[in-house]
Amino acid sequence: VIALSAVMIINIPYIMGLEGHYGALMLFIYGVGGFMGLRFRHALGVLALMLVFYIGMHIVSDSTTNFIVNSSYRLLCAAIIGASQSYMAEKQLRLVYLQRILLERHAHRDGLTGIANRRAFDLHGARALQHSARENKPLSVIILDADHFKQYNDNYGHLKGDECLQQLARVISHSARRPMDM
């Protein structure tokens with residue numbers, strides 16, 4: 001609908017014998033690619049349909065073959081630029097989305113052990129509690145304490161203490177296998 005209406009509206013000056021329809025059509029093609037915010041495949045579809053409708057309209061209006069080829073070439077070049085604008089915009093949106101996901105994961109994980117931190121526990125715990133109440137099923141919370149860890153840390157050093165915590169975190173995380181386990 002966008003492609004057909006754009007070609008019809010923008011080509012009214014040509015049909016009436018006026019000049020200047022190329023500029024408006026090319027601006028619209030650039031707009032489809034960059035300013036309308038269409039995803040790449042949708043923009044590509046609209047641009048391809050615009051080109052087909054444009055060529056079809058000029059074939060029906062008995063335009064010369066040379067005119068159709070020249071104008072189609074110009075519009076194809078504009079469509080490639082418009083599509084590349086759409087591709088770059090979509091690529092940027094995907095990159096921002098991935099960065100947000102990575103940042104969120106980073107914000108919910110402990111830097112040393114890689115397991116969920118207090119913020120993640122609070123969020124997950126609230127959902128788990130609601131799920132438990134809704135399903136009328138029990139909810140279990142296990143609290144572990146590494147006995148005499150301060151003495152271990154003081155005796156073997158902080159690097160060994162960090163390794164100990166990482167090993168403990170690996171053992172715990174391998175035990176949490178079910179989808180709702182944390």
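The values are calculated or read from the model by the stated rules, or taken from the named source; none is laboratory data. Every value quoted in this text rests on a predicted model; they were computed, and no experiment measured them. Positions of Cβ are generated from backbone atoms using ideal geometry, with glycine treated the same way; all protein chains shown enter the neighbour counts. Accessible surface areas use protein heavy atoms only, side chains included; no ligands, DNA or RNA. Shrake-Rupley method; radii C 1.70, N 1.55, O 1.52, S 1.80 Å.
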For K150, the lysines lying under 22 Å Cα to Cα, once residues fewer than eight places off in the same chain are dropped, come out as K160
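Please list Y87, Y73 in order of solvent-accessible area, largest first, computed with a 1.4 Å probe with all protein chains present. Please report the intermediate quantities before stating the final value.
Working: Y87 110, Y73 145 Å².
Descending order: Y73, Y87.
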In nanometres, the difference between 0.36 nm per residue of separation and the alpha-carbon distance of H106 and D147 is 11.9 nm
Here, R177 and C77, labelled 7 Å along Cα→Cβ, have an inter-label distance in nm of 6.4 nm
Log10 I(q)/I(0) at q = 0.14 Å⁻¹ for the range 107-182, from Debye over equal alpha-carbon scatterers, is -0.57
For C164, the accessible surface traced by a 1.4 Å probe with all protein chains present amounts, in square angstrom to the nearest 10, to 40 Å²
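I need the Kirkwood Rh of the range 21-149: take the reciprocal of the average 1/r across all distinct C-alpha pairs and report it in angstrom.
The Cα-based Kirkwood calculation yields 19.7 Å.
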